[in-house]
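A quick write-up on the structure given underneath.
The values are calculated or read from the model by the stated rules, or taken from the named source; none is laboratory data. Since the model is a prediction, treat every value here as computed from it, not as a measurement. Glycine gets a Cβ as well: all are built from the backbone with ideal geometry, and neighbour counts include every protein chain shown.
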Amino acid sequence: MSLGSPPFPSWDPHFTSRFSVIAPFWADIDLSFTDGKVYFNHILRSSAEEVVAPQAAEVFDAAKFLVLSGAGDAGFLPTEVITVTWQNVSPYPAYYYSSQVCTFYAIFFYLVAIKAVVFNFISQNFWLF
């Protein structure tokens with residue numbers, strides 16, 4: 001995920017020096033020969049006390065639990081959560097590695113000036129090069 005100008009289609013091996021990048025899994029992903037998918041979700045509330053739909057409440061509760069278990073901050077109640085999931089994706093070139101799939105995700109949490117990110121990897125036939 002790039003923050004600023006995307007590196008594709010004119011990829012430059014020195015692109016990280018020009019803008020910020022978050023790389024939960026540093027590899028080329030190819031969706032052309034597999035049933036892999038990439039999902040993006042953005043949930044927002046104006047305050048930690050705002051009542052939200054049950055599915056959104058589950059996401060906010062999960063984010064709070066992750067921060068509590070990872071950093072011990074019981075007072076963290078996020079107001080914004082962004083999730084990106086790469087499900088059953090293969091490395092490039094997928095025609096060669098189509099039997100090797102991986103699922104992983106990144107979760108970004110925000111609470112005013114406090115920000116956190118969590119990466120999680122669900123191994124199925126994990127890529128090891």
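Structure above, values below:
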read-out	value
Single residue of segment 94-117 satisfying the filter (among the β-branched types (V, I, T) and over 15 Å from H42 (Cα atoms)) that is surrounded by the fewest Cβ atoms within 10 Å (Cβ to Cβ)	V112
Close pairs from segment 13-40: first within 19 Å of V101 (Cβ to Cβ), partner at pLDDT 70 or above and assigned to a loop (DSSP other than H, G, I, E, B), Cβ under 7 Å, at least 6 apart	D28/Y92; I29/Y92; D30/Y92; D30/P93; F33/S98; T34/S98; T34/V101; G36/V101
Residues of segment 42-93 classified as surrounded by fewer than 13 Cβ atoms within 10 Å (Cβ to Cβ) and free of Cβ contacts under 8 Å to residues at least 60 places away in the same chain, total	18
Enumeration of residues in segment 34-81 that are out of contact with any helix residue (DSSP H, G or I) (no Cβ under 8 Å at 6 or more places or on another chain) and basic (K, R)	K37, K64
